[in-house]
Amino acid sequence: MLQKLIQQTLPFVARIGSDPNDDDDIRLQKSLLVVCAIPFMFAGVVWGLMYIFFNEPLAGVIPLSYGIVSLFSIIHFGRTRQYHFFRFSQLTLILLLPFLLMIALGGFVNGSSVVLWALICPMGAMLFDEPRHAPRWFLAFVVLVILSGLLQPYVRTDNNLSPILVNFFFVINLIGVGSLVFLMVFYFVGQKNIFQQKSETLLLNILPKEIAAILKNESRTIADHYDEASVLFADMVGFTPLSAQLPPVEMVELLNEAFSFFDSLLDKYGVEKIRTIGDSYMVASGVPRGRPDHAQALARMALDMRDYISTHTFHNGQHVNFRIGINSGSMIAGVIGSRKFVYDVWGDAVNIASRMESHGLGGAVQITRATYELIKDEFVCEPRGTVNVKGKGEMEVWLVVSKKSED
């Protein structure tokens, strides 16, 4: 019953003072501060009643006053959405309450080190405010502790609490402050890990794992030579007239649907996506991790791409064709520049792979002799004859038909 009540109440409480225009960080800060302020308010009331019960009325009035003022602060925030005032008032109350309570009880020992609760103020500032403001609140905490020490000779030497109760409040204060500090640090570390994981995932979606690791630890140009690697290019046949017929959104959705399937093959075959430009899709194999079957991996992926496109009807009812070209040879791969890093490959072999695609046939996978020699024992390839490649002249090419059956 209590759990159900909390589950129903917590979302409502967390929305107090919320604004539709808030970004995610501000929305989270607001909800956390409200969720923390309400139990603190009730704790102040309970603490106050306990001190009054133990014949310390002045000490009891202080946390009771905190609970009342905190309640009005929450109501004011819910009505006005003035987060800066709400945050300042809550942090100020958390800072001053323990100091005043300690003075009322007679100093550090008689007050059971209740001033330690003021440490929650700078910790909370890191959670609910910009981290750069937290040192100011911590400095205020240090000043209050020093002031407490200076006032120690002038406060009452005893109070109406028995030694057992003083020790009891020592235990409660130490456990309470320690628990809250632990929970705040635990939250910080958890958020840091979540953010780091998101950043890592985003980085690995842009760069190969090995390259990302180098960039995180070093500041240098990354360029490595690979003697044996393969590159695949694919683009849509009739893209320009089709893009003129379809609304831009539908065209983008069609490309996204096709490229998302292509992306799903990357891990399957252990190859590296280089980039997409318009309707062009580029993949490399054998970089940055060398492998002896670099050409075979791309040939298998190319056949899957071809078969999917030839049989798939896109959501808008369109049927399309892709030209696919592959070449193998030596190339340079790496990252250059200092902004918007892109892992890329360069070299004559890459240029020829691009020509294999642009001079290819719709619905076919065209390869050079260099690739043919590497895959001919495992794939059925048909000679197409020669094509005139700019800068290279006539080149023999083959079409990859299928994988050879394993008999």
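When the dipole is taken about the Cα centre of the range 351-407, and only Lys, Arg (+1) and Asp, Glu (-1) are charged at their Cβ, what size is it in debye, to the nearest 20?
320 debye
Give the range of the longest stretch in the chain that excludes all GluC sites (Glu not before Pro) found in loop regions by DSSP and having at most 10 other beta-carbon atoms within 10 Å.
1-217
Roughly how many debye, to the nearest 20, is the charge dipole of the chain about its Cα centre, given +1 on each Lys and Arg Cβ, -1 on each Asp and Glu Cβ, and no other charges?
1340 debye
Which of rounded, prolate, oblate describes the range 227-365, given a ≥ b ≥ c as roots of the alpha-carbon gyration tensor eigenvalues and a/c under 1.5 marking rounded, otherwise prolate only if a/b is larger than b/c?
Prolate shape, in that a/c is at least 1.5 and a/b is the bigger ratio.
State the extension gain, in nm to one decimal, for the chain segment bounded by T240 and D224, taking 0.36 nm per residue of separation less the distance between their alpha-carbons.
2.2 nm
Report, to the nearest 10°, how far helix 163-206 tilts away from the longest principal axis of the Cα atoms in the chain, using its own Cα long axis and a range of 0 to 90°.
20 degrees
Quote the FRET efficiency, to the nearest 0.05, computed for S179 versus T386 with a Förster distance R0 of 56 Å and r equal to the Cβ-Cβ distance.
0.10
Could you give the nm distance between label points at N193 and T276, where each point is 7 Å from its Cα heading toward the beta carbon?
Using points 7 Å along Cα→Cβ, the separation is 3.3 nm.
Can you find, among P39, L58, F233, the residue farthest towards the positive end of the dipole of the chain? Put +1 on the C-beta of Lys and Arg, -1 on that of Asp and Glu.
Of the listed residues, the answer is L58.
Label points 7 Å out from Cα along the Cβ direction at R132 and V249: separation in nm?
Between R132 and V249, the label points sit 4.0 nm apart.
Can you find, among I164, N316, P131, the residue sitting farthest towards the positive end of the charge dipole of the chain, where Lys and Arg contribute +1 and Asp and Glu -1 at Cβ?
I164
So between K268 and F54, what do we pick up on full extension, going 0.36 nm a residue minus the alpha carbon distance?
69.9 nm
Only one of the values (i) 21, 31, 21, 21, 6, 0; (ii) 27, 56, 16, 2; (iii) 22, 50, 22, 5, 0 was calculated from this structure for P(r) over Cα pairs in 20 Å bins from 0, in percent; name its label.
Of the labelled values, this structure produces (i).
Suppose all protein chains stay in the model; what accessible area per residue would a 1.4 Å probe give for the range 44-145, in Å²?
On a per-residue basis, the range 44-145 sits at 46 Å².
I'd like the carbon and sulfur percentage of the solvent accessible area for the chain, probe radius 1.4 Å, heavy atoms only, ligands and nucleic acids excluded.
Carbon-and-sulfur percentage of accessible area, whole number: 62.
Ordering K198, K404, K30, K376 from largest to smallest accessible area (1.4 angstrom probe), what's the sequence?
Descending accessible area places them as K198, K404, K376, K30.
Please report, in Å, the Rg and the Dmax of the range 295-407, where both are computed over Cα atoms only.
15.7, 52
Considering the dipole of the chain built from charges on the beta carbon (Lys and Arg +1, Asp and Glu -1) around the Cα centre, which of G393, A364, G106 is farthest to its positive end?
Among G393, A364, G106, the one farthest towards the positive end of the dipole of the chain is G106.
Given a Förster distance of 22 angstrom, what is the FRET efficiency for T80 paired with D23, based on the Cβ-Cβ distance and rounded to 0.05?
0.70
Rounded to the nearest 0.05, what FRET efficiency is calculated for E396 and K376 with R0 set to 22 Å and r the Cβ-Cβ distance?
Step by step, r from the Cβ atoms, then E = 0.95.
Between A43 and V145, what length in nm is gained on full extension when 0.36 nm per residue of separation is reduced by their alpha carbon distance?
Computed gain between A43 and V145 is 34.5 nm.
Could you pull the accessible area for R27 with a 1.4 Å probe, rounded to 10 Å²?
100 Å²
The values are calculated or read from the model by the stated rules, or taken from the named source; none is laboratory data. The structure displayed is predicted, hence computed values, not measured ones. Counting neighbours? That spans all protein chains shown, and the Cβs are built from the backbone with ideal geometry, glycine included. With ligands, DNA and RNA removed, areas are computed over all heavy atoms of the protein, side chains included. Shrake-Rupley method; radii C 1.70, N 1.55, O 1.52, S 1.80 Å.
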